[in-house]
Amino acid sequence: MSTAPAIPVRRIPALSGKRPPVSVILTTIILGTALAWSLAPDLFSSYSGTVGLPGNQLKSPSALHWLGTDELGRDLLARIIHGARYSLSGAFVAVAVGLIAGSAIGLVAGAAGGRTDTWLMRLVDVLLSVPTLLLSLAIIMILGFGHVQAALAVGVTAIASFARLMRSEVLTLWRTDYVEAAFGSGATFLKVLVRHVLPNALTSVLALAALQFGAAILQISTLGFLGYGAPPPTPEWGLLIAEGRNYMMIAWWLTLFPGLAVILVVMAANHLGHTLERRKA
Amino acid sequence: MHAQLVSRIGQSILVLWAAFTLSFVLLQALPGDAVLIRFLGGDLGLSPEQIAELRVLYGADAPIWEQYIVSLSGFLTGNFGYSVISGTPVATEILTNLPPTLWLAGLSLAAAALLAITIALTANLTGFAPLKAALENLPSLMISVPVFWLGIVMIQMFSFQLGWVSVINPGPWEQLALPVIAIAVPIAAPLAQILLRNIEAVSRQPFVQVARAKGAAPAHVLVRHILGNALLPSLTIAGLLFGELIAGAVITETVFGLNGIGRLAERSVRFQDTAVLQAIVVISAFAFLLINLAVDLLYPLVDPRLRRDDVKGATA
């Protein structure tokens, strides 16, 4: 914990020399906390995320239970901490699916051009033509309910934007002098792609990945809320809100706090994405 | 111009056909069939003969290409098959559930536009810098709020705490108030962002300086000269907003217990009613393509700068 700073400052020229802005510090703290929670939840809470204490039901927030307890006497903060893993891993899988499949489509379309490009982009149009939530519902209907299934369904909805971004990056880079020079000095198609095109597209793709990460957390919590994600007693954040809904007249904390967790992480991921985007521009 | 239009429409039809085919492959061809899933459960006590009869009735026994032809010609004539849950035609289900969803979506869109314009105008007219900064950052908060959570928190606040909106037997308008706000908040966010960005860009145009030089008040310049120009580009995200409205309908109709297309979609997923979900998916894709087509055709009409062939006066 007390080792040198993990962020190599010299690689961020805009920030070197002066203190980073407050929003960057906040973003780092929020995402870092969520990541730590999902990796080692037991370090942050002595309570269990799934087993309740008898006689401890529906207690409002107190010094003992900072965010209160639910209908089974489970500590809400512990549940939120243990639930971070589901939101983060789900969003990670979703972004990975979108990034890998989408970038592959965009790369092939942009590099091959001609008829391949036309057909692949029509395929992307088809994916875009179905509203995001309906598309993920259709995927869930095939795959069934579950945490991984919901993550995959959200991932499919992210394919189109990655494909479009990657294609436009490839089309721009393809015309640059250094790519032409690389071809001229005898580099193979694959080598140009790996050595010149991919590294240059990286910042834009990472920015989109961060934005999609935020969107994926929101969508996964929605699917969890509707009951299509991880089953109870999983403390997934959307499911926590769905379960808290049954007690919304008497226990406001059960719905309020998991929602705040979602909002904070989504805002942090979006802010990271926009910061990366601005660095590119 | 005409050739361009025809090719544009042709492309949309091609995409729609591909969306239908994809949804057919995913929802009808892949998972065995809905009839087997629903009736083989055992608790209904049907004999294999009865199940075979049911499969004939729903057309699930035919070879897959024949089902495809039947399904495609059905969609072209407005016959979307039968719901395996209710047994009624899918077309009937959709027609009865469409009006409430259209009301919900229409009101939400109007509320979102109002909210976005209010944010953008207030941010530009206020002389109080902290308020301006807060309003400019508000959209990034609004876009991060889960609609279902906002709905529940509003029920807790306005129904249970304050008692403003009745939970039991609310009037037709009263029951729409909270869902409309819940949908409008995340939809207003991208609209407000576009408006804020464009008001800034348009403000730097020479004609605005002329208006100011003539002595027009800041509010007058903003509303009469800038706002219209800044609003136009929001047409380009119409398709995106449509998708958000559909998602909002699915979520709020479930949270608030309203009837509509969204609740129908939610139910169809819960009970593996593939015919219903496929119809909703394809009809939504149709609506999305129609909206984008309309925007493409309308944009040059409402923005005269795009009608001319030379792009001298046009601004991006």
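Tabulate in residue order the Karplus-calculated ³J(HN,Hα) for region B:291-305, using 6.51 cos²θ - 1.76 cosθ + 1.60 with θ = phi - 60°, rounded to whole Hz; enter x for Gly and Pro.
4, 5, 5, 4, 4, 4, 7, 7, 3, x, 6, 7, 10, x, 4
Based on DSSP loop calls and a cut-off of at most 16 other Cβ atoms within 10 Å, the longest stretch of chain A free of exposed trypsin sites (Lys or Arg not before Pro) is what?
A:19-174
Against the longest principal axis of chain B, how steep is helix B:129-142, in degrees 0 to 90 to the nearest 10, with axes from Cα atoms?
10
Can you tell me how region A:185-260 classifies by the Cα gyration tensor, rounded, prolate or oblate, using a/c under 1.5 as the rounded cut?
Prolate, because a/c is 1.5 or more and a/b exceeds b/c.
Mind listing the long-range amide H neighbours of B:Y82? Cut-off is under 5 Å, sequence gap 5 or more, other chains count too, H placed in the peptide plane at 1.01 Å from N.
Amide H to amide H, under 5 Å and 5 or more residues apart or across chains, B:Y82 pairs with B:V90.
I need B:L231, A:L223, A:L190 ordered by Cβ neighbour count within 10 Å, fewest first.
Working: B:L231 20, A:L223 27, A:L190 8.
The fewest-first ordering by Cβ neighbours comes to A:L190, B:L231, A:L223.
Rank the residues A:S185, B:S23 as a footprinting-exposure proxy: fewest other Cβ atoms within 10 Å of their Cβ go first. It would help to have the intermediate numbers written out before the result.
Working: A:S185 7, B:S23 25.
With the sparsest Cβ surroundings first, the list reads A:S185, B:S23.
With a 10 Å Cβ neighbour count serving as the proxy for reagent exposure, in which order, fewest first, do A:V265, B:V180 appear?
Ascending Cβ contact count within 10 Å gives the list B:V180, A:V265.
In degrees from 0 to 90, rounded to the nearest 10, what is the angle of the helix B:238-255 Cα long axis to the longest principal axis of chain B?
On a 0 to 90 degree scale, this one is about 60.
At 7 Å along the Cα-to-beta-carbon direction for both A:R278 and B:R270, put a label point, then send me their distance in nm to one decimal.
Distance between the two pseudo-spin positions: 4.4 nm.
What does the structure give for A:239-251 when I average, per residue, the other chain Cβ atoms found within 10 Å of the residue Cβ?
2
Using alpha carbon centroids, what distance separates region A:37-57 and region B:129-158, in Å?
30
What list of ³J(HN,Hα) values in whole Hz, one per residue of region A:20-25 in order, does the Karplus curve 6.51 cos²θ - 1.76 cosθ + 1.60 (θ = phi - 60°) give from phi, with Gly and Pro shown as x?
Going residue by residue, I get x, x, 4, 5, 5, 4 Hz, with x marking Gly and Pro.
Please label the shape of chain A as rounded, prolate or oblate, based on the square roots a ≥ b ≥ c of the eigenvalues of the alpha-carbon gyration tensor (a/c under 1.5 means rounded; beyond that, a/b larger than b/c means prolate, else oblate).
oblate
Between region B:246-312 and region A:72-147, what's the alpha-carbon centroid distance in Å?
A separation of 20 Å, based on Cα centres.
By how many degrees, 0 to 90 and rounded to 10, does the Cα axis of helix A:114-129 deviate from the longest principal axis of chain A?
That helix lies at roughly 20 degrees to the long axis.
Taken together, the values in this text are just the output of simple stated rules run on the coordinates, not laboratory data. On a predicted model such as this, the values are computed, not experimentally measured, just so you know. Neighbour counts run over all protein chains shown; Cβ positions are idealised from the backbone, glycine included.
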